[in-house]
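Report on one structure; see the data block that follows.
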Amino acid sequence: MMVASAVKETLGDLNKDSFVTLLTKLIGESKYVQNNPPDLIPEEDRIVRHVREALLPHSTATGGGPLILNHVTYKPNRGNLIVEYPGTEPGKILSFVGMHMDVVTANPFEWDFDPFSMSIDGDKLRGRGTTDCLGHVALVTELMKKLGQTKPKLKSSVVAVFIASEENSSIPGVGVDALVKDGLLDKLKNGPLFWIDTADKQPCIGTGGMIPWKLHVTGKLFHSGLAHKAINPFELAMEALKEIQTRFYKDFPPHSKEQVYGFATPSTMKPTQWTYPGGGINQIPADCTISGDVRLTPFYNVPDVIKKLKEYVEDLNKNIEKIATRGPVSKYVLPDENLRGRIEISFDEASSGVACNLESRGFHVLCEATKDAVGHVKPYSITGTLPLIRELQDEGFDVQTAGYGLMSTYHAKNEYCLLSDMCQGYKVFTGIIAQLEE
């Protein structure tokens, strides 16, 4: 305990002035790191430049300190930055990863303040990226800076990995996926990896998988005054989807482990969008498409769900006469014309959820550090997706997740974080480092 106390005392509290100054610079770049290709391709090196400026005086590159900086770029202007504070025991390591340098888009006309310049309202630090995730970039930079300044003698190496291209994966081979592929993070498997990109100061121990789906339904176009001569794709789509959902919830009910992990919801399948070709109010259209997603807790397998959904649709097509109709002339088969309604399901790229290892040393030190800094610990899980984490877990990393922004402002208009929360986040980080020295 004496060693842990000495480490925490050496690293002290977050330097608020330095943190706010750095975050102001980062939010000032947020307009240029919006990630929505092909229109908006972020230039994460704008963020890297400010982080490097803060850390270079304490690095081996200048001779001013022990920090080892590695700027890794796979696409022009789209770098990642790996920062290491070397420990004394080979192979003993911990890492903070996932602080991404891109942001989601923001429309200034919809905000109450300028999203692309930081403003301060009491404890609130306001601007796009304050919660997700430039606030964490600044916070971990300040941690590494303090390590470089104070030079505590640690057994463990401490590594920070600032990544590009988290918010949109349509351009592959830019961020953490490329770093893993090139083996640049392999040594991080020797210790806990803390992914710093969630919110609300508590350990996030589970996330959901996502299966985007489209249900395309073909009927027969006809005048709405002669409904008996049409196959109404809207009615077929609604009844078919109801049956598909009923079967889904029977085959993938709430799982017993969801309570252990504190998931807010079980697995769900629901529609979120509806499209059709258009036409007059007096036309029954020829087809329509319902789109939506499955959010899947990590205790079920994505391929199993996709297989089942395809089976449901195949069975419904074979037995389309048995699907419930709506009213005396509603039908999905026109025998005289040899026409049958048709249901097709397709899928966009799916991702799997994550269940963090609750037996790992990383989980226990995160919980203890959170309790010490925040006053209580209550791990939670959500069926939001963090596909990059699952990929790391599959590669053999002990991934734990946390974050110190606000879930209520995540990807939202008028985004902000609280300086007091970031101060507690810094204490969690120093508590983790200190415990792992014992």
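The values are calculated or read from the model by the stated rules, or taken from the named source; none is laboratory data. Here the structure is a predicted model, which is why all the values come from computation and not from measurement. Virtual Cβ from ideal backbone geometry, glycine too; neighbours counted across all protein chains shown.
Only one of these conditions is not met by Met118: (1) buried (at least 22 other Cβ atoms within 10 Å of the Cβ); (2) in contact with a Phe, Trp or Tyr (Cβ under 9 Å, 6 or more places away or on another chain); (3) more than 25 Å from Ala178 (Cα to Cα). Which number is it?
(2)
Determine the pairs where a residue that is free of Cβ contacts under 8 Å to residues at least 40 places away in the same chain, located within the range 269-294, has a partner that is surrounded by 12 or more Cβ atoms within 10 Å (Cβ to Cβ) and hydroxyl-bearing (Ser, Thr, Tyr) with Cβ atoms under 6 Å apart, the partner being 6 or more residues away or on another chain.
As it stands, the answer is Gln273/Ser291; Thr275/Thr289, since those pairs meet every condition given.
Please verify whether Glu314 is touching a Ser or Thr at 6+ places or on another chain (Cβ under 8 Å) and either among the charged types (D, E, K, R) or surrounded by 14 or more Cβ atoms within 10 Å (Cβ to Cβ) (or both), treating the condition exactly as stated. If you could, list the steps in order and put the result at the bottom.
Values: touching a Ser or Thr at 6+ places or on another chain (Cβ under 8 Å): no; either among the charged types (D, E, K, R) or surrounded by 14 or more Cβ atoms within 10 Å (Cβ to Cβ) (or both): yes.
So Glu314 does not fit the description; no.
Does Ile382 satisfy the condition of being over 25 Å from Val20 (Cβ atoms) and either modelled with pLDDT under 95 or touching an Asp or Glu at 6+ places or on another chain (Cβ under 9 Å) (or both)?
Details: over 25 Å from Val20 (Cβ atoms): yes; either modelled with pLDDT under 95 or touching an Asp or Glu at 6+ places or on another chain (Cβ under 9 Å) (or both): yes.
Spelling it out, Ile382 is indeed over 25 Å from Val20 (Cβ atoms) and either modelled with pLDDT under 95 or touching an Asp or Glu at 6+ places or on another chain (Cβ under 9 Å) (or both).
Residues in the range 367-381: is at least one within 30 Å of Thr105 (Cα to Cα) and of a type in the set (A, V, I, L, M)?
Filtering the range 367-381 for residues within 30 Å of Thr105 (Cα to Cα) gives 379-381.
Filter once more, so that each one left must be of a type in the set (A, V, I, L, M): none.
Scanning the range 367-381, I find no residue that is within 30 Å of Thr105 (Cα to Cα) and of a type in the set (A, V, I, L, M), so the answer is no.
When you scan the range 291-302, how many residues do you find that are outside any strand (DSSP E or B) and more than 10 Å from Ile211 (Cβ to Cβ)? I'd like the intermediate steps shown before the answer.
Looking only at the range 291-302, we keep the residues that are outside any strand (DSSP E or B), and these are 297-302.
Subsequent filtering for residues that are more than 10 Å from Ile211 (Cβ to Cβ) retains 297-301.
Within the range 291-302, residues that are outside any strand (DSSP E or B) and more than 10 Å from Ile211 (Cβ to Cβ) number 5.
Arg295 passes all but one of (1) touching a helix residue (DSSP H, G or I) at 6+ places or on another chain (Cβ under 8 Å); (2) among the basic types (Lys, Arg); (3) surrounded by 17 or more Cβ atoms within 10 Å (Cβ to Cβ); which number fails?
(1)
What is the one condition in (1) assigned to a strand (DSSP E or B); (2) closer than 25 Å to Gln393 by Cβ that Cys288 does not satisfy?
It fails just one condition, (2).
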